[in-house]
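Undergrad: Here's a structure for you.
The values are calculated or read from the model by the stated rules, or taken from the named source; none is laboratory data. This is a predicted model, so every value here is computed, not measured. Quick reminder, even Gly has a Cβ in these numbers, built from the backbone with ideal geometry, and neighbours come from all protein chains shown. Ligands, DNA and RNA are stripped out before the accessible areas are found, and what is left, the full protein with its side chains, is counted by its heavy atoms. Shrake-Rupley method; radii C 1.70, N 1.55, O 1.52, S 1.80 Å.
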Amino acid sequence: MKFLKYIFLGVFFGITFTKAEIISWYRIYEMFRFESFHMYGVIGSAVVLGIIVVQIIKRRKMKDIAGNEIVFTPKEFTIPRYLIGGTIFGLGWAMTGACPGPMFVLLGNGVLAIAVVIAFAVLGTFVYGILRDKLPH
Amino acid sequence: MESIIEFIQQPWPWYVAGPIIAFTMFMLLYFGNNFGLSANLRTMCSIIGGGKSCDFFDFDWKKQTWNLVFAIGTIIGGFIAHQFLSPDTAVAISESTKANLETLGIANPGSDIAPMELFSFDALFSLRGFIMLVVGGFLIGFGTRYAGGCTSGHAISGLSDLQPASLVAVIGFFIGGLAMTHLLLPYILTL
């Protein structure tokens, strides 16, 4: 039963991503060509509201459902890991028009070939795990 | 009631979707978790036994079950939206994007959620389809774990917490995305 809330939240998220066309390959292509405001509006408004939400949580020392204070762990700041990894991710994002959220939503939309993308994304993650110690971070 | 459903069936504008994404992040924080979907790819590696050959996947993946359940929810949500809330799956992309895609040989750009000639199992047997689905998927999985997060983990969660690391990651997302869209895709799509 404790997982039911995640199902509901996921369903709401999946409907939103479909109806707002965030899962559309065309929308991502158009975004990287700067030919529409749509995706910038989606990400921009989410981040602006997200900043407000996080500030409120921190200042009011809000607690989660279990009564523990919500804490944010800062990511260790280095450049290579985020820049190189981010660039590789960006290449794949623009190619498939899907990131790790939308790829699941697309599956629900009946775009079954996206299962190939998911399978090779799992493989890519696995190969990163193996090469991790040899890569600059 | 009918008019409400008709209203929902239209494409949703950005100012509806953005706040819902922020709300989703807040709810996951409130549930004691973090918003970041690429973690599921690592969890899947662990479930299929990756921990035996690589300690990066040797962790208690059961603590990530909530995230897999959330992902399953998004599949169901996609199904519901597609079956019941989308009488028209066309995407109203800009005329200039359409014109550009037509020059690259994409038929009827925007007539469906994605160019189906690329997103089908048949496409796997063409060079461009194989590259886009197989290489594209690999780059996403490799890059997101290398960068420690994807669009949800860095662009939304990380930027919301004003993390400098996430800003660098998002700059990387755009370097890669712009290079792919402007330099590589024009060649790949016409292979």
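Undergrad: Once the other residues with Cβ under 15 Å from the Cβ of B:G129 are scored (Lys, Arg +1; Asp, Glu -1), what is the net sum?
TA: With Lys, Arg at +1 and Asp, Glu at -1, the net is -1.
Undergrad: I'm checking a number: the convex hull volume of the Cα atoms of chain B, normalised per residue, in Å³. What is it?
TA: Values: hull volume 32.0 nm³, N = 191.
Once divided by residue count, the hull of chain B is 168 Å³.
Undergrad: Ratio of the protein assembly as shown's C-alpha Rg to 2.2 N^0.38 Å, to two decimals?
TA: Values: Rg = 18.8 Å, N = 328, 2.2 N^0.38 = 19.9 Å.
Normalised Rg, Cα atoms only: 0.95.
Undergrad: OK, next. Using the crude model of +1 on Lys and Arg Cβ and -1 on Asp and Glu Cβ, and no other charge, please compute the dipole size for the protein assembly as shown relative to its Cα centre, in debye to 20. Display every interim value, and only then the final one.
TA: Working: 21 positive and 19 negative charges, 236 e Å.
It comes to approximately 1140 debye.
Undergrad: Which order do A:Y29, B:Y15, A:Y40 take when ranked by solvent-accessible area (1.4 Å probe, heavy atoms of all protein chains), largest first?
TA: So, going from the largest accessible area down, we get B:Y15, A:Y40, A:Y29.
Undergrad: Taking the alpha-carbon distance from A:K134 and a cut-off under 20 Å, which aspartates and glutamates remain once sequence neighbours fewer than 8 residues away in the same chain are dropped?
TA: A:E76, B:D55, B:D58
Undergrad: Checking the table A:K2/A:K61; A:K19/B:K63; A:K19/A:K75; A:K58/B:K63 against a 27 Å threshold on Cα-Cα, which pairs fail?
TA: Listed pairs above 27 Å: A:K19/B:K63; A:K19/A:K75.
Undergrad: Just A:G92, A:G124, A:G108 to compare: in a GNM of chain A, with alpha carbon springs under 10 Å, which one fluctuates most?
TA: Most flexible of the set in this elastic network: A:G124.
Undergrad: Using the beta-carbon distance between B:L127 and A:K134 and R0 = 30 Å, what value does 1/(1 + (r/R0)^6) give for FRET efficiency, to the nearest 0.05?
TA: Details: r = 30 Å, r/R0 = 1.01.
Efficiency, from the Cβ-Cβ distance: 0.50.
Undergrad: Dimensions of segment B:1-87 along principal axes (Cα, Å, largest first)?
TA: 55, 27, 19
Undergrad: Now, a different point. Rounded to the nearest 0.05, what FRET efficiency do A:Q55 and B:K52 give with R0 = 30 Å and r taken as the Cβ-Cβ distance? Could you check?
TA: With R0 = 30 Å, the Cβ-Cβ based efficiency is 0.10.
Undergrad: Which ³J(HN,Hα) values in Hz, rounded to whole numbers, follow from the phi angles of segment A:37-45 under the Karplus curve 6.51 cos²θ - 1.76 cosθ + 1.60, where θ = phi - 60° and Gly and Pro get x?
TA: The phi angles translate into 7, 3, 5, 5, x, 4, 5, x, 5 Hz.
Undergrad: State the answer as a single residue: which of B:G77, B:W66, B:L104 lies farthest towards the positive end of the charge dipole of segment B:37-120, with beta carbon charges of +1 for Lys and Arg and -1 for Asp and Glu, about the Cα centre.
TA: Comparing the listed Cα positions along the dipole, B:W66 ranks first.
Undergrad: If you place +1 on the Cβ of every Lys and Arg, -1 on the Cβ of every Asp and Glu, and leave all else neutral, what size is the dipole of segment B:1-96 about its Cα centre, to the nearest 20 Debye?
TA: 460
Undergrad: Tell me, what HN-Hα J-couplings in whole Hz come from the Karplus equation 6.51 cos²θ - 1.76 cosθ + 1.60 at θ = phi - 60° for each residue of segment B:116-121, using x for Gly and Pro?
TA: 5, 5, 9, 9, 9, 5
Undergrad: What residues of segment B:107-141 lie in the reach of a label at A:A115, counting those whose backbone N is under 15 Å from a point 7 Å from the Cα along Cα→Cβ?
TA: B:120-124
Undergrad: Related question: Find how much the distance from B:Q83 to B:L162 grows on full extension, using 0.36 nm per residue of separation minus their present alpha carbon separation; answer in nm with one decimal.
TA: 24.6 nm
Undergrad: What residues of segment B:130-159 lie in the reach of a label at A:T78, counting those whose backbone N is under 17 Å from a point 7 Å from the Cα along Cα→Cβ?
TA: B:143-149
Undergrad: Leaving out ligands, DNA and RNA but keeping every protein chain, what accessible area does B:T190 have, in Å² rounded to the nearest 10, with a 1.4 Å probe?
TA: The accessible area of B:T190 comes to roughly 80 Å².
Undergrad: With N set to the number of residues, divide the alpha-carbon radius of gyration of segment B:118-191 by 2.2 N^0.38 Å and report two decimals.
TA: 1.29
Undergrad: On to the next question. How long is the gain from B:Y15 to B:H182 if the chain were fully straight, where each residue apart is worth 0.36 nm and the alpha carbon distance is subtracted?
TA: 57.3 nm
Undergrad: Report the charge-dipole magnitude of chain A in Debye, nearest 20, computed about the Cα centre from +1 at each Lys and Arg Cβ and -1 at each Asp and Glu Cβ.
TA: 520
Undergrad: Rounded to the nearest 10 Å², what accessible area does A:M31 show when all protein chains are kept and the probe is 1.4 Å?
TA: Its accessible surface works out to 0 Å², give or take rounding.
Undergrad: May I pose another question? Bin all alpha-carbon pair distances of chain A at 5 Å intervals from 0 and give each bin's fraction as a whole percent.
TA: Computed distribution, short to long bins: 2, 8, 12, 15, 18, 18, 17, 9, 2, 0.
Undergrad: Along Cα→Cβ, 7 Å out, is where each label goes; now give me the distance between the ones at B:Y30 and A:N68 in nm to one decimal.
TA: 1.9
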